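Working notes for the structure below.
The values are calculated or read from the model by the stated rules, or taken from the named source; none is laboratory data. If you're wondering where the values come from, they're calculated on a predicted model, not measured in any experiment. Ideal geometry is used to build each Cβ from the backbone, glycine not excepted, and the neighbour counts take in all protein chains shown.
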Amino acid sequence: MKTRHKKLILIGVAVIGLGVVATLVLNAFRSNLVFFFTPTQVVKGEAPLDRAFRVGGLVESGSLRREPDGVTAHFRVTDKAQTIPVTYTGLLPDLFKEGKGVVAQGRWNNSVFVADQVLAKHDENYMPPEAASALEQAAKAQKTLVPPQEGKL
Amino acid sequence: MIPELGHMALILALLLAFIQGILPLVGAARNNQVLVSVAKPAARAQFIFVAIAFGCLAYSFLTNDFSVLNVTRNSHSRLPEIYRFTATWGSHEGSMLLWTLILGLWTLAVTVFSRHLPDDMVARVVSVMGLVSFGFLLFMLATSNPFLRMPMAMDGSDLNPLLQDPGMVVHPPILYMGYVGFSVAFAFAIAALLSGKLDASWARWSRPWTTAAWSFLTVGIMMGSWWAYYELGWGGWWFWDPVENASLMPWLVGTALIHSLAVTEKRGSFKAWTVFLAIGAFSLSLLGTFLVRSGVLSSVHAFATDPTRGLFILIFLLVVIGGSLLLFAFRASQVGLGGRFALVSRESFLMVNNILLLTATGAVLLGTLYPLFLDALGLGKISVGPPYFNTVFVPLVAPLIFLSGIGPLARWKQVNVPELAARLKWGFGASVLVALLLPFTLGEWKPTVSLGYLLSLWIVVTVAIGVRARMRTGAGWSANFYGMNLAHLGVAVTVIGVTMVSAYQTERNVRMEVGDTVTVKDYSFRFEGVKDVNGPNYSGSRGTLEVSRNGKPVATLHPEKRIYAASGMPFTESAIDYGLTRDLYTALGESLDGGAWSVRVFHKPFVVWIWMGAVLMALGGLLAITDRRYRASRKKERAGA
């Protein structure tokens, strides 16, 4: 009888403990998820203003400009349909290059994307999957738009 | 010729693995001694052929055989010889071969060091490892053959510069020694489920193998972390990158397994649980290997994706994990639950340890796999960053570390709570007091710093109490006991490093012209400009930074920016002045106008403690393996047999 009581207490405590932990974990998870948006989605206003997210695409050629402090950079990220301006303070990764794939994480203030992290690929021949997907989505969207335009021409 | 030889050797190894995986298992089930005796020679022969294949691949790399696709893609004629050798496992195919080679090595070790075990047990263990090896060899031959030929190329496209580093010589083999080492514990667990025999001696046999694998994994992860610190040029030591998580998960479960095995051996409890953990640790090792190597994750370790590979991997994981869990579900009830224990006892402390470790694993698993699932199902791309992991990990690990101080001092079966409290109250009071006051001397007081110091001091104090008590009883040397305490001290050291570097590091990114000085925490860094530098397969710029403190020179650092000739890939080589209480970390950013550069200048207090602690943990593990008990039992059983 006594051991059974103990067991019940133990099981009860364990269940409650696990419940609390699971709630905490899932809460932390939900509030720290970083969603990914393409430049097109950002321009359309689909991206949130109140939390950080990621944006990916190509660094537009000729768009990279540095401030005199040497560590603040401005560039534009494009998915070949839409383009958004990005600003970042810090050293850019080795493989950050104009015309190449990039993923930036930060916040959108309705006019410029303020990045706190810029990721490029790890390898010359390798595109960050997010950047690749942004281009793909934009290309698909354009494809569906192309026929009527062609018809006009 | 040589690559074909390697290919042939792989095919023969596959056949031998099949024999090794089937016949002894059948023999053990039917009590057929002839079939049982196949296990050892088959395993040894399989190892030899895998070793031949590995040697052939290494030879192709060393001799620059650019008719081999793998060599062309991952090497270059001007790559230094040592990196041509390490390029052998720098690719997906090569790393799979290394994995299989190390699996063979562990199997060989089992055949050599288990003469004291019953033959049918060894046969089952070796068989299970043979089946795993069979899966890997089949995977390699079917989808990732490292010996594929191609029309002779002029030269290779070079090894990823990140991998051209002395760390890469040892990091992957050691990490794999850890990953693959859990296959022994896994095989023991499966053997126990198959035979229904799971007793204290089973736990005693599994323990040294598990601890050895865990020690290797600890060092492997530590080297990965250190490598990321100095090689990626960002000065971070842990990024919660999926690749790191993939190695952390088996480590967490492996840590739980080590502790649960202790209970199973000493008290006969937690039996089914131990088996479950052994299956879990190895399953996560497999998952980790494939996650990292299949290209599902974007990282340095990932290679181009190939859908057939992905499918094969999925099926393989399903068979291994699903099969063993199914076996577990059917047979675990026969294994039994073991002895009883009170609500407060060493068993219950270890149970809480296990629960916390597994919860932490679950949280890491969720954060690592959920984005992959969403992506695979086409539901959008998300990422889970460090904030999530930090939020979840600290509250789980802090009580874990705190309890790891009490656990070793608690009695098995039932704790006399007032007595234990009396033993610990002064130590606890002192730890709290010092932890609250010490941060004031370090600068700004922060709650996290106090928490870190409390945990660390608490471990040191409780280890001291435990060691003193043992010395008083005159119990004599016990490698197991001192190994455990050393490993726990390692945790304390790592906690200090993590606490200090997280709370007090200074990171500055600045534009520097020649002659400019930037001061970070009393240290002045004077930029002396850059010079051209030419390496064997790269060219670039080499900067000079004179570091001084209060006018006294401290170090001269030479961070480099390289361009690798074959790939055209730019690369940052950081320069670090290591120290026990601080690292001075510098890296070159980009060349700006007028001879100026953007430069990273970091001050990282106590960062080496993180890795020193990991080394202590691993040493503790290795020390524990030498315990006489594991050998004495061998003699005893041999005498009995």
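On the basis of being farther than 30 Å from B:VAL460 by Cα, touching a strand residue (DSSP E or B) at 6+ places or on another chain (Cβ under 8 Å) and not acidic (Asp, Glu), does B:GLY380 make the cut? Taking the combined requirement at face value, the residue satisfies it. Residue count for the stretch A:82-94, restricted to those that are among the β-branched types (Val, Ile, Thr) and either over 19 Å from A:GLU46 (Cβ atoms) or within 14 Å of chain B (Cβ to nearest Cβ) (or both): 2. For B:ARG411, the requirement of being charged (D, E, K, R), within 32 Å of the chain's Cα centre (by Cα) and surrounded by fewer than 17 Cβ atoms within 10 Å (Cβ to Cβ) is met. Do we find a residue being crowded, with 19+ Cβ neighbours inside 10 Å, within 14 Å of chain A (Cβ to nearest Cβ), in contact (Cβ under 8 Å) with a residue 24 or more places away in the chain and in contact with a strand residue (DSSP E or B) (Cβ under 6 Å, 6 or more places away or on another chain) anywhere in the stretch B:579-586? Looking for residues that are crowded, with 19+ Cβ neighbours inside 10 Å, within 14 Å of chain A (Cβ to nearest Cβ), in contact (Cβ under 8 Å) with a residue 24 or more places away in the chain and in contact with a strand residue (DSSP E or B) (Cβ under 6 Å, 6 or more places away or on another chain), one finds at least one in the stretch B:579-586, hence yes. The numbered conditions (1) over 22 Å from the mean Cα position of the chain (by Cα); (2) buried (at least 22 other Cβ atoms within 10 Å of the Cβ) are all true for B:LEU148 except (2). Is it true that some residue in the stretch B:138-159 is away from chain A (no Cβ under 14 Å), part of a helix (DSSP H, G or I) and among the polar types (S, T, N, Q)? Yes, there is a match, as at least one residue in the stretch B:138-159 is away from chain A (no Cβ under 14 Å), part of a helix (DSSP H, G or I) and among the polar types (S, T, N, Q). Based on this model, can you work out whether B:GLY497 counts as in contact with a Phe, Trp or Tyr (Cβ under 6 Å, 6 or more places away or on another chain) and away from chain A (no Cβ under 14 Å)? The answer is yes for B:GLY497.
Looking at the stretch B:525-574, the strands (runs of 3 or more DSSP E) lying wholly inside it that each contain 2 or more residues that are in contact with a Pro (Cβ under 9 Å, 6 or more places away or on another chain) sit at B:538-549, B:560-564, B:570-573.
A single entry from B:LEU198, B:LEU194 fulfils the requirement of being outside any helix (DSSP H, G or I), over 14 Å from the mean Cα position of the chain (by Cα), over 30 Å from B:ALA566 (Cα atoms) and not aromatic (Phe, Trp, Tyr): B:LEU198. Where strands (runs of 3 or more DSSP E) fall entirely within the stretch A:4-81, none has at least 1 residues that are basic (Lys, Arg), facing chain B (nearest Cβ under 9 Å) and surrounded by fewer than 20 Cβ atoms within 10 Å (Cβ to Cβ).
Within the stretch B:395-414, being within 14 Å of another protein chain (Cβ to nearest Cβ) and either farther than 24 Å from B:VAL449 by Cα or of a type in the set (S, T, N, Q) (or both) holds for B:LYS413, B:GLN414. Only a single criterion out of (1) touching a Gly at 6+ places or on another chain (Cβ under 8 Å); (2) within 14 Å of another protein chain (Cβ to nearest Cβ) is not satisfied by B:MET612, namely (2). If you filter the stretch B:561-576 down to residues that are buried (at least 20 other Cβ atoms within 10 Å of the Cβ) and modelled with pLDDT under 85, you find that the one that is nearest to B:ALA228 (Cα to Cα) is B:MET569. Among the conditions (1) surrounded by fewer than 20 Cβ atoms within 10 Å (Cβ to Cβ); (2) more than 10 Å from every other protein chain (Cβ to nearest Cβ), the only one that B:PHE527 does not satisfy is (1).
Checking B:TRP226, B:TRP237 one by one, the residue that is within 25 Å of B:SER383 (Cα to Cα), touching a strand residue (DSSP E or B) at 6+ places or on another chain (Cβ under 9 Å), aromatic (Phe, Trp, Tyr) and at pLDDT 85 or above is B:TRP237 and no other.
So if I check each of B:VAL392, B:VAL352, which one is facing chain A (nearest Cβ under 10 Å), assigned to a helix (DSSP H, G or I) and crowded, with 21+ Cβ neighbours inside 10 Å? Among B:VAL392, B:VAL352, only B:VAL392 is facing chain A (nearest Cβ under 10 Å), assigned to a helix (DSSP H, G or I) and crowded, with 21+ Cβ neighbours inside 10 Å. Within the stretch B:367-381, the set of residues being in contact (Cβ under 8 Å) with a residue 12 or more places away in the chain and either at the interface with chain A (Cβ under 7 Å from one of its Cβ atoms) or over 19 Å from A:GLY56 (Cα atoms) (or both) comprises B:GLY367, B:THR368, B:TYR370.
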